[in-house]
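So the structure is just underneath, and the comments pick up after that.
The values are calculated or read from the model by the stated rules, or taken from the named source; none is laboratory data. Predicted model only: the values in this text are computed from it and were never measured. Backbone-built Cβ (ideal geometry, glycine too); neighbour counts: all protein chains shown. Ligands, DNA and RNA are excluded from the accessible area calculation, which covers all protein heavy atoms including side chains. Shrake-Rupley method; radii C 1.70, N 1.55, O 1.52, S 1.80 Å.
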Amino acid sequence: MALLSQLLRPSLMVPELSSLARLAGHMRGFAAEAGSAAAAAPSTTSSSAKESEPAYSGPPKLIVFGGRGFVGSAVCKEALNTGLHVVAISPSGTPPTGKEPWTKEVEWLRGNALEPRTYQDVLPGALAAISCVGAFGSQADMLRINGTANAAAIATAKAAGVPRFVYISAHTPPVPGIDMVLSGYIQGKRQAEEELLRSYPDSGVVLRPWVIYGDRAVSAHVSLPLGMFFAPLEYALKHIPNAKQLAQLPVVGAGFIPPVPVEQVAKVAVAAATDPSVPGGIIDDWKIAEWK
């Protein structure tokens, strides 16, 4: 998920010419969007700073908030595979455990979504941003991290002229009492969604997965193979004709919501961020699972 996967949580690159060719068509649309967004956005830096800072002129740049986490790492890897320059923002500013080769191609930046001054300078020139920020804890902490932090990142990206924004939220299953037990988490997610759709009515995309599975690293040498259980369940649900209707049932309905591999979530997120033809709005777990 979003919900379950977080409960378990313990460089500049030179893109291939073929990948850049695939992005060229999208970039023409982004150039127009970025220009109009930047003209309308409020300033976040002084005029003297603007004059002294050269405009970004490198490869197509994607900002990933929370790029060090389980989902964020998959998003960074997928974005690299499409020929993008990836800037991953997290409190530590370091790569995830595991030291995989692709992490050397990411620009890791230390920043706090709640403090725009720690990352606002890297936003200009980005073709899009994706937020994978989320956490569990006390109700207040969940509201602050899932809601306030993401809302701040969205507003700051908008002010910097970033033309598209994708937010990885979470599906809320029909389980009695879940709104009370996880009120901070759920309210925070919805707060961020509202800010996104307000700031980016035509180019803001919300992903709402339920269970997200994959090999989840808990240390440099240990990972949890969540796919051993959830991959067969995903396969089985695809062969139940009325699974979507059954998913609306109280309590038991959660068992009919399709889990999705983290690579699939990353694929949809990067596509929504880089393809202007993807409309703004919500992509639920069913559409994520069926995305080609």
Any chance the range 160-173 includes a residue that's in a helix (DSSP H, G or I) and among the aliphatic types (A, V, I, L, M)? no
Could you tell me whether P258 is open to solvent by 40 Å² or more (accessible area, probe 1.4 Å) and modelled with pLDDT under 95? no
Within the range 139-173, the count of residues that are within 28 Å of G253 (Cα to Cα), among the hydrophobic types (A, V, I, L, M, F, W, C) and open to solvent by less than 20 Å² (accessible area, probe 1.4 Å) comes to 4
Please determine, by comparing only the residues of the range 51-110 that are basic (K, R) and in a helix (DSSP H, G or I), which one is nearest to A266 (Cα to Cα). K77
Looking only at the range 210-225, and only at residues there that are in a loop (DSSP other than H, G, I, E, B), at pLDDT below 80 and of a type in the set (A, V, I, L, M), the one that is surrounded by the most Cβ atoms within 10 Å (Cβ to Cβ): V218
Go through the residues of the range 135-145 one by one and say whether even a single one is modelled with pLDDT of 95 or more and of a type in the set (F, W, Y). no
Could you tell me which of the residues A254, A266, A289, A273 is over 15 Å from the mean Cα position of the chain (by Cα) and more than 20 Å from I178 (Cβ to Cβ)? A289
How many residues are of a type in the set (V, I, T), within 21 Å of L80 (Cα to Cα) and either open to solvent by 30 Å² or more (accessible area, probe 1.4 Å) or in a helix (DSSP H, G or I) (or both) when one looks only at the range 273-290? 2
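Rundown of residues vs (1) open to solvent by 10 Å² or more (accessible area, probe 1.4 Å); (2) assigned to a strand (DSSP E or B); (3) within 20 Å of R68 (Cβ to Cβ), yes/no style:
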| residue | (1), (2), (3) |
| --- | --- |
| P176 | yes, no, no |
| Q187 | yes, no, no |
| A192 | no, no, yes |
| F229 | yes, no, no |
| Q245 | yes, no, no |
| E263 | yes, no, yes |
| A271 | yes, no, no |
Starting from the range 222-237, keep only residues that are under 27 Å from P96 (Cα atoms), then list their pairs with residues that are open to solvent by 40 Å² or more (accessible area, probe 1.4 Å) and not charged (D, E, K, R) whose Cβ atoms are within a distance under 7 Å, requiring at least 6 positions of separation or different chains. S223/A217; L224/L8; L224/V218
